[in-house]
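Visitor: Sharing a structure below in C-alpha cells format, with a few things to ask.
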C-alpha cells in the first residue's frame, strides 16, 4: 500500500511546489487556486493511504513472493447484471436535456433517477432482479 | 444478482461460479456490469463517433480543396470543424482509451475479476452514450449544432454570439461525459490499487496499467475543472451570471484559464494510454523485456505532473500570462518524453523484431509523434508561438500528435482484438491499411505546416486563389482521401473476421503479460486459474521457463556477479526478483 500512497503524495508534493512558485511569480488567482486544489487532491487521499499502510499487514498484492494461494478466498462482492445503471444514465440524460429544452423533460428524468436509486439500493440488499 | 468471486486456484480444479441467470443479446448489452461487455460497448460506440467525425473531416477537406469554394456554407463549415474536433477529442480518443481498451484490459493485466465498481462502470458508459447522443442531437435543432470551435472561447460562446439549442446541447453533453470520465477515473484507480492478484506488486504491473493509473489520476485533476467551467458557462447563457462577461464585471479570459487547465492535461489523458499500448506492444514484438521499466514509470508520472502546470501555453497571445513559467514547464515535458523515446528504441535494440501489424502501427506512432512533439517544443517558445498562433502550423502540430495516437489506438485494436473476440484480424489487409494511414497522415498534415508558415489562419471556410494556398491544400485533401481508404480497410478487416474467422487461441502473439494467460475471450470473472506471478512477465515465465533471463543479460550478469548488491538490481531489470520463480510451485 506504500507505493500507492507515495504516488498520490507525489502529486501533492509536485503541485504544492508548482503552485507556490506560480503564486510567487504571477500573483494570479485562478491558476493558483486550481494548483492548490490539485495539491489537496494528492495530499488528502495520499495521506490517508500512508496512514493506513502503516497500520495494516502487507497484502498479498504487495508481496513479491506471494503465491496465488496466499490470496485465496473471497476477493470481493461483484454485482451481476443490473438494469439500474442504464435507467440512472437515461434519467441523468433527461435531466441534462431539461437544461436545454425546458422543464418538461425534467419530470421524466427525475422519475427515472429516483427509480434507479431505489432500485440500486434494493438490489444491493437482496440481490438483483435481472 | 450478487456474485462472490473466489480467487482462482493455481492449476487447481476448475469450478464454475454460480452466476444465476445472465441475460443475452440486447438485454445483455443494456444490463451487463461485466467490464468486458462495457469495454466492448465503449469501443464500438467510440469507433462510431470516430467514423462520424472522420466524415466531417472529409467534408472540411473537400471544402478547402479549391479556392473560393462554395461546397459548404460558412455556417455549415463552422459546425463541421467544431463537431469534428468535439467528437474526436471528447467522444473518441479519450473514451476509446480509458473507457474502451483500458476498461477491458486493465483488470485482465492485473489478474482482477472485474473493475472495482461494476455498476458505476456501467453508469459511466450510459452517461457517455447519453452525452454523445445529446451532442449529435444539435444537428437536428433549428439553430443547428455548436459552431464556436471545440474550445468554445468566451465571449463567442455567450448567448448573444451563439444563441440556440445546439450550443446548449454541446454544453450539457460535455457535463454528462465529464461525469462519465470522472467515474471511470475513480474506477481505474480503485481497481489498480485494490484488486491486483497476489504477487502483482506495483512495479510488476505492465506499463499500460501504470499509464492508466496515472491517466485516472489526471482525469480526477482535470475533468472536475472543465465540468464546473461548463456549468458556469450555462449559467452565463441562461441565468445572466456574468462570469465570463466583461459587462457584468466578469473575465472572459477566465474561461481560457479553466478550459486549458482541463485541456492540456486532457492531451495527456489522450496520450498516456497509447504510450502504454506502444510500450507493451514493442516489448512483445521485439521479444525482449521493456528497456528501462522504472524509467518508463517515472517518465509517465513526470509527464502527467508537468502537463498540469503548462496550461497557459495555449494563451501566450492573450498577453496576461506568465510567459517564462509556462514556457519553461512546456520545454521540460520534452525530457520525460525523450526518455520514453529512448526506452522504446532501447527495447527494440538487438531484439528479434517481428513486423506484424500492431508493431507497424507502433513504429508509425513513433515517427508521427516525434514530428508532433518536436513542433510542440517549437510552439512552447513564445516568439515562435506569437508568429504561428491560430495558423495552420498549430493545426498541423496537434494533428500530427493526435494521428500518432490514432495509430496507437489501431495498434491496440490489432493487438487485443484476438483477446476480445477470439478471432485474428488479417495481417495482409492490416499492413496495407497501416501504409495508407502512415502515408496519408504525412501527406495530409505535412503541407499544413507550410500553409501555417505562409500565414493561412485556422478555421477559415474559404481563401482566395491569389493567397497562394491552393496547391498545398490540394495535396492535403488528397492525403485525407488516403486516410479514408485506410479506415475503410480496417472496417473491411473487422467484417471479414466475422464472416470467415481465423481462430486466435489464447496467446497468438506469444505475449508476456497476464491478460494472455486466460482464454480468448476471457470467461466470466476473467480467470479460472492464474499462473504464479514472479516477474513482470508471468506468461512468458510460464511458457518459456528456459528463457527467464536472456542470453546477453546472462553475459552481462556474469561480470557483475561479484559486485555487492548489483545482482538483484540487474535481475530486477530483466523482471526477475532472484531465486527460482517456480520453487514454490515446482511440484505442481
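The values are calculated or read from the model by the stated rules, or taken from the named source; none is laboratory data. The structure presented is a predicted model; accordingly, all values stated were derived computationally and were not measured. Counting neighbours? That spans all protein chains shown, and the Cβs are built from the backbone with ideal geometry, glycine included.
Visitor: Filter the stretch B:306-340 down to the residues that are in contact with a helix residue (DSSP H, G or I) (Cβ under 7 Å, 6 or more places away or on another chain) and more than 24 Å from residue B:254 (Cβ to Cβ) and list them by number. Before you say what the answer is, go through the steps one by one.
Guide: Within the stretch B:306-340, the first condition is being in contact with a helix residue (DSSP H, G or I) (Cβ under 7 Å, 6 or more places away or on another chain), and the residues that meet it are B:306-318, B:320-323, B:325-327, B:329-334, B:336-337, B:339-340.
Passing the criteria: B:331, B:332, B:333, B:334, B:336, B:337, B:339, B:340.
Visitor: Over 23 Å from the mean Cα position of the chain (by Cα) and farther than 28 Å from residue A:9 by Cα: which single residue out of A:68, A:95 fits that description? Lay out the reasoning, then the answer.
Guide: Numbers: A:95 fails: over 23 Å from the mean Cα position of the chain (by Cα).
Only one candidate qualifies: A:68.
Let's see how each residue does on (1) facing chain A (nearest Cβ under 10 Å); (2) within 23 Å of residue B:104 (Cβ to Cβ); (3) out of contact with any helix residue (DSSP H, G or I) (no Cβ under 6 Å at 6 or more places or on another chain):
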| site | (1), (2), (3) |
| --- | --- |
| B:204 | yes, yes, yes |
| B:208 | no, yes, no |
| B:238 | yes, no, yes |
| B:247 | no, no, yes |
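Visitor: Next up: What's the number of the condition residue B:336 fails, among (1) within 14 Å of chain A (Cβ to nearest Cβ); (2) closer than 30 Å to residue B:436 by Cβ?
Guide: Exception for residue B:336: condition (2).
Visitor: When you look at residue B:229, is it more than 9 Å from chain A (Cβ to nearest Cβ) and either closer than 27 Å to residue B:281 by Cβ or at pLDDT 95 or above (or both), yes or no? Before you say what the answer is, go through the steps one by one.
Guide: Details: more than 9 Å from chain A (Cβ to nearest Cβ): yes; either closer than 27 Å to residue B:281 by Cβ or at pLDDT 95 or above (or both): yes.
Yes; evaluated as a whole, the condition is true for this residue.
Visitor: If you check A:124, A:77, which single one turns out to be touching a strand residue (DSSP E or B) at 6+ places or on another chain (Cβ under 9 Å), surrounded by fewer than 16 Cβ atoms within 10 Å (Cβ to Cβ) and at the interface with another protein chain (Cβ under 7 Å from one of its Cβ atoms)? Don't jump to the end; show me each part of the working.
Guide: Details: A:124 fails: at the interface with another protein chain (Cβ under 7 Å from one of its Cβ atoms).
The conditions single out A:77.
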